[in-house]
Amino acid sequence: MKAHTKETQAAISPDSAIALLKEGNSRFVAKNMATRDLLDQVADTSSGQYPFATVLSCIDSRVSAELIFDQGVGDIFSARVAGNIVNEDLLGSIEFACKLAGTKVLVVLGHTACGAVKGACDDAKLGNLSILLDKIKPAVNAVTEPADASRRNSQNIDFVNNVAVKNVHMTIENTRNMSPVLKEMEDNGEIKIVGAMYDIKDGSVRFL
């Protein structure tokens, strides 16, 4: 499998970019990954890169976007931060990926049993991590069930996963609100901004 070129990237629409990611995840789950020579792709991309997607995901070691979507060198931009939140630096990187490098979709990818979400649920305190977790706490507060405070913590995995989904949705809204560049591209149909959840138990990605 060859790396994408300017021509193949240009032929991909936002919808077909999402379809390519779904197909890749299906191959990953089925243990039927595409045959590719990564070093050949290194050579293919030595004079330029033409990725078709940008994925904002958590730093969790189990959630490598290239692996779970079965992509190779030069296929996707991968932005990673605990809890898949956005700030100015991440948005600047994503604006580069979409506006200047031509990717057709931004996927905000959360995952089950997220440690950062658990930390926000438990109001964990640890140096700069506390500042990051503060960006997830609005999602914790937005999930109203269960109302019993004793069940609104990391021991309740259903609560954690519901917060993780809410956090994906809120990250998408923050992206639109904080980045006029990406919002305009989405409004013009140049890109799609979508959410997804990765299941750490079976490797599957569910688009929201």
Taking the stretch 157-208 and the residues there that are crowded, with 17+ Cβ neighbours inside 10 Å and in a loop (DSSP other than H, G, I, E, B), the one that is farthest from the chain's Cα centre (by Cα) would be Ser179
Expected output for the stretch 169-180 (first residue farther than 17 Å from Ala79 by Cβ, partner of a type in the set (Gly, Ala, Ser), Cβ below 7 Å, 6+ apart or cross-chain) is His169/Gly195
Condition check for Ile157: of a type in the set (Val, Ile, Thr) and over 26 Å from Thr54 (Cβ atoms)
yes
Of the candidates Gly189, Gly195, Gly127, the one satisfying the condition of being modelled with pLDDT of 95 or more, among the small types (Gly, Ala, Ser) and over 29 Å from Glu66 (Cβ atoms) is Gly127
Of those in the stretch 36-53 that are of a type in the set (A, V, I, L, M, F, W, C) and farther than 15 Å from Ile76 by Cβ, the residue surrounded by the fewest Cβ atoms within 10 Å (Cβ to Cβ) is Leu39
Within the stretch 73-104, the count of residues that are within 15 Å of Thr171 (Cβ to Cβ) and not in a helix (DSSP H, G or I) comes to 6
- Query: Residues in the stretch 179-192: is at least one of a type in the set (Lys, Arg) and touching a strand residue (DSSP E or B) at 6+ places or on another chain (Cβ under 7 Å)?
  - Reply: yes
Counted residues in the stretch 80-105 being under 15 Å from Phe52 (Cβ atoms) and touching a residue at least 24 places away in the same chain (Cβ under 8 Å) come to 9
Among Asp60, Asp70, the single one that is at positive phi, in a loop (DSSP other than H, G, I, E, B) and touching a residue at least 40 places away in the same chain (Cβ under 8 Å) is Asp70
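The values are calculated or read from the model by the stated rules, or taken from the named source; none is laboratory data. Everything quoted here is computed from the prediction, not taken from an experiment. When we count neighbours, we look across all protein chains shown, and the Cβ atoms used for this are built from the backbone with ideal geometry, even at glycine.
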